[in-house]
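K.L.:
After the structure tokens below, expect a handful of questions from me.
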Amino acid sequence: MSAEWPLWEIFIRGQHGLNHRHVGSLHAPDAELAMRHARDVYTRRNEGVSIWVVPSSAITASSPSEKGPMFEPSQDKVYRHPSFFDIPDEIGHM
Amino acid sequence: MYAQMVKSEATQDDPEALAAFQARIDAGEKIEPKEWMPEGYRKTLIRQIGQHAHSEIVGQLPEGNWITRAPTLERKAILLAKVQDEAGHGLYLYCAAETLGVSRDELTEALLAGKMKYSSIFNYPTLTWADIGAVGWLVDGAAIMNQVPLQRTSFGPYSRAMIRICKEESFHQRQGFDIMRKMANGTKAQRHMAQDALNRFWYPSLMMFGPSDKDSVHSAQSMAWKIKMNTNDELRQKFVDQTVPQAEYLGLTVPDPDLRWNAEKGGYDFSEPDWTEFFEVLKGNGPCNAERLAARQKAWDDGAWVRDGLMAHAAKQRSAPIAAE
Amino acid sequence: MGAVVDMDAALFAGLCRLGDSTLVLGHRVSEWCGHAPVLEEDIALANTALDLIGQTQMWLGLAGEMEGKARNADALAFHRDVWEFRNLLLVERPNGDFGHTLMRQFLFDAWHQPMLTGLAQSRDARVAEIAAKAGKEVAYHLERSADLVIRLGDGSDESHARMQVALDTLWPYTGEMMTPDATDTALADAGIMPDLVGLQATWDGLVRDVLAEATLAIPDGGFMHKGGKQGQHSEHLGHMLATMQFLPRAYPDATW
């Protein structure tokens, strides 16, 4: 028995104009078959207009143990969010 | 309910880490694959998600038994689409289990070697077309009771798989009930088949929730970890309360002489299934255990050359440009 | 021959040939559900079967409608016997191993796809409309089956050997697709269905290219089976119908 088919991560653009979103994974011997499997497995209900397939092994993920240093520094940069600023009512929408 | 009697694993981790982990779960956080988790949590999840996945795959067989005999083209298409969904759900669940460090092939081999279980319900035969109705109505009905709360389970990949599955399954129970309605309102023979299907599937459906686990240590641990969301008895009661009025609507009789509405508890009193039978089925002595596993084994063995052949081609393609240079 | 062909009868027969072939092949492919070599293929096979069953509903639906005898697609599918079935012999071949199923699909798709392209130009708008819808589905079937034939033909030693056996076994059932009879000719002359002889070149080119890439050898010898389109079938079809038609036949007064 030869090796197991590698795992692929599947990203689908649900509608024109939206980002591709991770929807799940599947097994396939190569990228072309992964693409076709993704079509058959993940768009049975007309869910997509575009598919990306990525070998799971090619994904570099942030380390959970570094979650603090990685993400917490952005928590106090509240001035990046529009709600930080008061705009007088008479100015209207900005 | 497709995962039954999942034994939770004892865990021997640092108490401080365990407490911090529990606090995250209590706060409603999702646990993601690469984050620290107790060994017991990981092993219990592999067993539970694996069993759930196996149930989807083996669950294709009793209904698949009628795809070639569906009585209209539309029924054939609907049933095929439904059984296909089950293959998809098995696939999603195997992928969720794989994030915990076990491969799909390993899980498959454990199933075939009898080291992992699948739901007892799929060891019962589908003898008439009404059984396809009963499976959708009762078996999917029972499964949905369990799967809807599992969308909130603590393990991220499992939760996301359940969300997708619940969305797709919403038509499964309805198609079963629709078949039952046609049969129950049909000819004398059809009504007979409908009642007979209910008679045969009622108690096995109640067994799907597993025996009472209100005093079980394993269940308490799984519930604390939010990989089990309700007790077996809660879900069984809910299932009976939901299903009895539906049976009445169909004009069918639930095969339980002791079934009574209990106003005080606001639910039905009903008879327990035969738990001796349940344990025999789990041990491999159900009416179809041998056939179900043999079918899966045959698909696995017969498919080996296809899986290997496609891998061989992919390997050739990868090496081809290098060889040419 | 040479007699005046009843065009209504010809069209009814032509539609049954299309619908019966998609029905029988869809049924055969659906037999795989739950038994395929790998989950991803199980799902893909079911998609193909679902497309074919859907096409059956359209072709036989139109056949029943134009016949005007109150027979709908289900009546035609479930209440005719083998001698009334008009499907190609190729599609009633048993599934065999996955290689046989796949090769049967490819040899059929390579005909089905250009056939539908031709049908989409039909002078009969109802035929053209069905063909346009089915054509998109079948273009995908062909892409998929051709690619898998190449991969397994040029895969491992075992997969190559199995694909060659499948090709050798099924090849003599392919001639029927491109051999017109009086019905086919009448429909082609009326601009309702494409000229089958004209499909031969397209089919040949496609099949030869794919099989060459798959490193498979086209069998010698020109013998071809025939008869499916005229209702003369193999023993396999009767067994298939016995299974498929059991319920509506056993309970003729029931609705489902």
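K.L.:
Shape call for chain B from the C-alpha gyration tensor, a ≥ b ≥ c root eigenvalues: rounded (a/c under 1.5), prolate (a/b greater than b/c) or oblate?
P.N.:
Oblate is the answer for chain B, as a/c is 1.5 or above yet b/c matches or exceeds a/b.
K.L.:
For chain B, which DSSP H helices look membrane-span-like by this rule: Cα extent along the axis of 15 Å or more and mean Kyte-Doolittle of at least -0.5?
P.N.:
The qualifying helices are B:15-26, B:73-98.
K.L.:
Under the rule of -39500 (n - 2.57) per DSSP H run of 4 or more residues, summed and divided by the residues of chain C, what mean residue ellipticity at 222 nm is obtained, to the nearest 500 deg cm²/dmol?
P.N.:
It lands at -21500 deg cm²/dmol.
K.L.:
Starting at the first residue of the range C:239-251, write each ³J(HN,Hα) from the Karplus equation 6.51 cos²θ - 1.76 cosθ + 1.60 with θ = phi - 60°, in whole Hz, x for Gly and Pro.
P.N.:
5, 4, 5, 4, 6, 4, 9, 3, 5, x, 6, 6, 10
K.L.:
Ok, one more. If I compute solvent accessible area with a 1.4 Å probe over the protein chains, what percent of it on chain B is carbon and sulfur?
P.N.:
Carbon and sulfur: 54 percent of the exposed surface of chain B.
K.L.:
Compare the Cα positions of B:Ala304, B:Ser205, B:Ala314 along the charge dipole of the range B:194-325 (+1 at Cβ of Lys, Arg; -1 at Cβ of Asp, Glu; about the Cα centre) and return the one farthest towards the positive end.
P.N.:
Of B:Ala304, B:Ser205, B:Ala314, it is B:Ala314.
K.L.:
On to the next question. Hey, can you rank C:66-78, C:94-106 by average C-beta count inside 10 Å, highest first?
P.N.:
Per-residue Cβ counts within 10 Å, averaged per peptide and sorted highest first, yield C:94-106, C:66-78.
K.L.:
If you don't mind, there's one more thing I want to ask. Could you work out, residue by residue across A:39-52, how many beta carbons of other chains sit within 10 Å of that residue's beta carbon, and then give the average as an integer?
P.N.:
For peptide A:39-52, the averaged partner shielding equals 3.
K.L.:
Shifting gears a bit: Given a 1.4 Å probe and heavy atoms of the protein chains only, how would you sort C:His112, A:His81, largest accessible area at the top?
P.N.:
A:His81, C:His112
K.L.:
In debye to the nearest 20, how big a dipole does the range C:7-250 give about its Cα centre with +1 on each Lys and Arg Cβ and -1 on each Asp and Glu Cβ?
P.N.:
Result for the range C:7-250 is approximately 600 debye, rounded to the nearest 20.
K.L.:
Enumerate the amide H contacts of A:Glu9 below 5 Å, restricted to partners 5 or more residues apart or on another chain; note that Pro and chain-start residues carry no placed amide H.
P.N.:
A:Val54, A:Ser56
K.L.:
Also, quick follow-up: Mean residue ellipticity at 222 nm from the helices of chain B, using -39,500 (n - 2.57) per DSSP H segment of n ≥ 4 over the full residue count, to the nearest 500 deg cm²/dmol?
P.N.:
-21000 deg cm²/dmol
K.L.:
Per residue of the range B:273-280, what does 6.51 cos²θ - 1.76 cosθ + 1.60 with θ = phi - 60° give for ³J(HN,Hα)? Whole Hz please, x for Gly and Pro, Karplus curve as stated.
P.N.:
Taking θ as phi minus 60°, the curve returns x, 7, 6, 5, 4, 3, 5, 5 Hz for the range B:273-280.
K.L.:
Let me know the shape class of the range C:35-136, please: from the alpha-carbon gyration tensor, a ≥ b ≥ c as square roots of the eigenvalues, rounded when a/c is under 1.5, otherwise prolate if a/b is greater than b/c, or oblate.
P.N.:
The shape class here is prolate.
K.L.:
For peptide C:47-59, how many partner chain Cβ atoms fall within 10 Å of a residue's Cβ, on average?
P.N.:
Across C:47-59, the average partner-chain Cβ count within 10 Å equals 3.
K.L.:
May I ask for the distance between the Cα centers of the range B:283-319 and the range C:86-114, given as a whole number of Å?
P.N.:
With the range B:283-319 and the range C:86-114 each reduced to a Cα centre, they are spaced 23 Å.
K.L.:
What figure in square angstrom, to the nearest 10, would you give for the accessible area of B:Asp178 with a 1.4 Å probe?
P.N.:
About 60 Å², rounded to the nearest 10.
K.L.:
Right, something else. Normalised by the residues of the range C:121-256, what does the relative contact order come to in percent, with Cα pairs under 8 Å and at least six apart?
P.N.:
Here the relative contact order equals 29 percent.
K.L.:
List the trypsin sites (Lys or Arg not before Pro) in the range B:120-215 that DSSP assigns to loop (not H, G, I, E or B) and whose Cβ has at most 13 other Cβ atoms within 10 Å. Which are they?
P.N.:
B:Arg152, B:Lys214
K.L.:
Please determine, in degrees from 0 to 90 and to the nearest 10, the orientation of helix A:31-42 with respect to the longest principal axis defined by the Cα atoms of chain A, where the helix direction is its Cα long axis.
P.N.:
The helix A:31-42 is inclined about 70 degrees to chain A.
K.L.:
Set Lys and Arg Cβ to +1 and Asp and Glu Cβ to -1, take the dipole of the range C:7-250 about its Cα centre, and tell me which of C:Gly14, C:Pro219, C:Thr117 lies farthest positive.
P.N.:
C:Gly14
K.L.:
Report the residue, chosen from B:Leu100, B:Leu73, B:Leu310, that carries the largest GNM mean-square fluctuation when chain B is represented by alpha-carbon nodes joined by springs under 10 Å.
P.N.:
Sorting by GNM fluctuation, first place goes to B:Leu310.
K.L.:
Order of A:28-40, C:238-250 by packing, highest average Cβ count within 10 Å first?
P.N.:
The most tightly packed comes first, giving A:28-40, C:238-250.
K.L.:
Moving on to the next point. If r is the Cβ-Cβ distance from B:His218 to A:Trp52 and R0 is 35 Å, what FRET efficiency results, to the nearest 0.05?
P.N.:
Approximately 0.30, to the nearest 0.05.
K.L.:
Under the definition of partner shielding as Cβ atoms of other protein chains within 10 Å of a residue Cβ, what is the mean value for peptide B:60-68?
P.N.:
Neighbouring Cβ atoms belonging to other protein chains average 4 per residue here.
K.L.:
A further question on this structure: Based on alpha-carbon centroids, what's the gap between the range B:227-275 and the range C:1-79 in Å, whole number please?
P.N.:
One Cα centre to the other: 44 Å.
K.L.:
What figure in square angstrom, to the nearest 10, would you give for the accessible area of A:Phe71 with a 1.4 Å probe?
P.N.:
Roll a 1.4 Å probe over it and A:Phe71 shows about 100 Å².
K.L.:
When ligands, DNA and RNA are left out and all protein chains stay put, how many square angstrom of accessible area per residue does the protein assembly as shown have with a 1.4 Å probe?
P.N.:
Per-residue value: 43 Å².
K.L.:
Take the Cα pairs of the range B:169-325, get the Kirkwood Rh, then feed it into Stokes-Einstein at 37 °C and 0.692 mPa s and tell me D in µm²/s.
P.N.:
164
K.L.:
For the protein assembly as shown, state the average projected area of the convex hull of the C-alpha atoms over all orientations, rounded to one decimal in nm².
P.N.:
Its average projected convex-hull area is 39.6 nm².
K.L.:
May I ask for the accessible area buried between chains C and B, both sides summed, probe 1.4 Å, to the nearest 100 Å²?
P.N.:
Roughly 4000 Å² of accessible surface disappears when C and B pair.
K.L.:
With +1 on the Cβ of every Lys and Arg and -1 on the Cβ of every Asp and Glu, and nothing else charged, how large is the dipole of chain A about its Cα centre, in debye rounded to the nearest 20?
P.N.:
That gives a dipole near 380 debye.
K.L.:
Please report how far the C-alpha centroid of the range C:202-256 lies from that of the range B:151-169, rounded to the nearest whole angstrom.
P.N.:
Spelled out, the Cα-based centre of one part sits 42 Å from the other.
K.L.:
Keeping all protein chains in place and using 1.4 angstrom, which order do C:Phe108, C:Phe12 fall into by accessible surface area, from largest down?
P.N.:
Heavy-atom accessible area, descending, gives C:Phe12, C:Phe108.
K.L.:
Enter the accessible area of B:Glu109 (Å², nearest 10), with the probe set to 1.4 Å and all protein chains included.
P.N.:
Around 90 Å² of this residue is reachable by solvent.
K.L.:
What 222 nm value per residue comes from the helices of chain A, counting each DSSP H run with n ≥ 4 as -39,500 (n - 2.57) and dividing by all residues, nearest 500 deg cm²/dmol?
P.N.:
Dividing the helical sum by the residues of chain A leaves -5000 deg cm²/dmol.
K.L.:
Still on this model: Which of A:Tyr42, B:Val102, B:Phe177 sits farthest toward the positive end of the charge dipole of the protein assembly as shown, with +1 on the Cβ of Lys and Arg and -1 on the Cβ of Asp and Glu?
P.N.:
Checked the options; the winner is B:Phe177.
K.L.:
Now for a separate question. Counting alpha carbon pairs within less than 8 Å and at least 6 residues apart, what relative contact order, in whole percent, applies to the range B:183-325?
P.N.:
In percent, rounded to a whole number, it is 20.
K.L.:
Let me ask another. Could you order A:Glu72, C:Glu92, A:Glu90 by accessible surface area, starting with the largest, using a probe radius of 1.4 Å?
P.N.:
A:Glu90, A:Glu72, C:Glu92
K.L.:
How large is the dipole of chain B about the Cα centre if only Lys and Arg carry +1 and Asp and Glu carry -1, each at its Cβ, rounded to the nearest 20 debye?
P.N.:
Roughly 840 debye for chain B.
K.L.:
Can you give the relative contact order of the range A:1-57 as a percent, counting alpha carbon pairs under 8 Å and 6+ residues apart?
P.N.:
44
The values are calculated or read from the model by the stated rules, or taken from the named source; none is laboratory data. A quick note: this is a predicted structure, and the numbers were derived from the prediction, not measured. Glycine gets a Cβ as well: all are built from the backbone with ideal geometry, and neighbour counts include every protein chain shown. Surface accessibility is based on the protein's heavy atoms, side chains included, excluding ligands, DNA and RNA. Shrake-Rupley method; radii C 1.70, N 1.55, O 1.52, S 1.80 Å.
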